[in-house]
1. Enter the angle in degrees (range 0 to 90, nearest 10) between the Cα long axis of helix 121-142 and the first principal axis of the Cα atoms of the chain, meaning the one along which they spread out most.
2. Please report the antiparallel percentage of DSSP beta bridges with both residues in the stretch 259-584, rounded to the nearest 5.
3. Find the centroid of the Cα atoms in the stretch 307-360 and in the stretch 200-222, then give the distance between the two in whole Å.
4. Which order do 564, 342 fall in if you start with the one that has the fewest other Cβ atoms within 10 Å?
5. Taking the mean number of other Cβ atoms within 10 Å as a proxy for protection, how do you rank 263-274, 352-363 from highest to lowest?
6. Counting pairs of alpha carbon atoms under 8 Å apart in space and at least six apart in sequence, what relative contact order in percent does the chain give?
7. Below 13 angstrom from the Cβ of residue 286, what's the summed charge of the other residues (Lys, Arg +1; Asp, Glu -1)?
8. Counting Lys +1, Arg +1, Asp -1, Glu -1, what net charge surrounds residue 241 among other residues with beta carbon under 12 Å of its beta carbon?
Amino acid sequence: MISGSSMSPGIAFGKPLILRESNISISKVKISDDQIEKEVLKFFSARHKTIKQLKIIKDMTKNSIGESKSEIFEGHIMLVEDDEFEKSVIEIIEKEKKTAESAIKKAINKQIKSIEKIDNTYLRERALDFKDIGTRMLKNVLGIPIINLGSIDNRSILVAKDISPSEISQLNLKKILGLIIEFGGKASHSFIIAKSLEIPSIFGVKDAINKIQKCSYIILDALNNKIYCNPSEMEIKKAKKIQHKHLKIKKSLENLKNFPAITIDGHRIKLCANVNGIHDIQITKSQSADGIGLYRTEFLYMNRNSFPCEEEQFETYKKIAVSINPNPITIRTIDIGGDKTTSCIEFPKEENPFLGWRAIRVSMDRKEILHTQIRAILRASNFGKIYIMFPMIISIEEILYLKEEILFIKKQLKKKKYEFDPSIKIGVMIETPAAAVISRDLAKEVDFFSIGTNDLTQYTLAVDRNNEKISHLYNPISPSVLRLIKKVISNSHKEGKWTGICGEIAGDETYSALLLGMGVDELSMSSSSIQKVKRIIRNVSYRDAKKLAEKSIKKSKIKEIEKTTISFLLKRNLIKKTSHSKNSL
Ligand code: PEP
Ligand code: MG
């Protein structure tokens, strides 16, 4: 039995598809003169095959995700077609008498080495592109099969060491039944995306590839954190029963869709959705979310080589705002940096990217990025209810500066006779301890807060949210984090402002009553979690939830907080004794 650290709920049955770097062995044998032509032809044939594959990937990405994301593959095709590269390979074959594969490898390595020396992130990322293309060409020349994430034909459970946010967005969801990933924790962006796409997944499975490689069939039980290799008939039968029950519960939760999140004593809060792009809107609407509490706009900037222009951004924001109108959408300005990078922006090489040039720091340094985005958001605000939100705020100076910039853009737009919401609401994410500590002052300057517990936990506890090795230390219900959350909510209320939570804890029903009792006004989460959280809210009283929060906030140990919360739910029959998972956030 294999298990991991974080689960995106669901059960999948199927064949594992192991994604691993294949061993590409290249012969060092020198060729004779009469073999030169054959090797050159081999290179051309591999290049032709590579271009054909890249064109298919490009078209598939365009159809499934959109034009902008498919651009990256256009860039790859250009690199493969590059005349200099061709010249270099042929020269190596002819002069050094190397085989086609050996010449391709040498030419690619030469390119990579010269690029890697330059201290420029954009070019360094081009080196990664070269590596990618090089591997593809070598496999083609050697006849090694290539697995393309977007065109996996057989329905299977993907097993990999790691998967990047951009790779997940390339997956063909009709074919991928589940994910088993060695790296990544519950707050890693890849995991968050897997959850929002409702892919049954277990992340943080140590040594998964090794353990699963001999299995021909597996059960991925991402409800109980168990992976069965070559299961017995009994085990399959048992898992099917669990799946049946899970689907039944899911179905029964559907009945809640048309009801508000209101406690039995009449206290109403909002349950909103976190979205990463237009593709999430359908599920958000199907779950009757009260709005979008967090739109992570940085995904619009990923998997591409050039910036989304003002028009593209405007159209995207407008489309989403219109489709969820009259409910609001909170558009967060780009939170690029940390573990989310893009080829559109040059990133410096940093020792501590999460403490470095990230989020608002990038937008403030590169004013054209900020201005383009604010202009697009303001213009879109004419078509729906839009709020602007800034990530990674640490000081009053930052928000004062950003408000000035918004005023400036408003004047610009007015001059150009653009319509926009003149009193658009402005909020900040509270995701640094600094922002939490000065939240009373910040509350005077903004309309609302959204607590980003994923980062607030990482920065408060000084625990990298992506580091598997210390994931046992990462816990948003640590007393220190909880007390900060309480302080932020109280401070916002003292200034007549509202506070939401948009970190992963917002979608964990185990802590819904606790957060409710702390006075939170909105919880924003993966759409798939909304009804589970609503069930709890609708079955507790605000009065009792407040008592639970008061009691929990006084506890100084995580275990005590956990115990208090669980016994609160058990007493009200809201969870079964066995159903609470220690792995939930
Ligand atoms: C957070 O930090 O809690 C948050 C919601 O932002 P992100 O996960 O995108 O960093
Ligand atoms: Mg964050």
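1. 50
2. 5
3. 33
4. The order, fewest Cβ neighbours first, is 564, 342.
5. Going by the mean number of other Cβ atoms within 10 Å, highest first, we get 263-274, 352-363.
6. Working: 1077 pairs, mean separation 84.5, N = 585.
14 percent.
7. 0
8. Numbers: positive: 237, 238, 240, 245, 248; negative: 221, 235.
Within the 12 Å Cβ shell, the charges total +3.
Values in this text are rule-based calculations from the coordinates and carry no lab data. Because the structure is a prediction, the values reported are computed rather than measured. We place every Cβ from the backbone using ideal geometry, glycine too, and count neighbours over all the protein chains shown.
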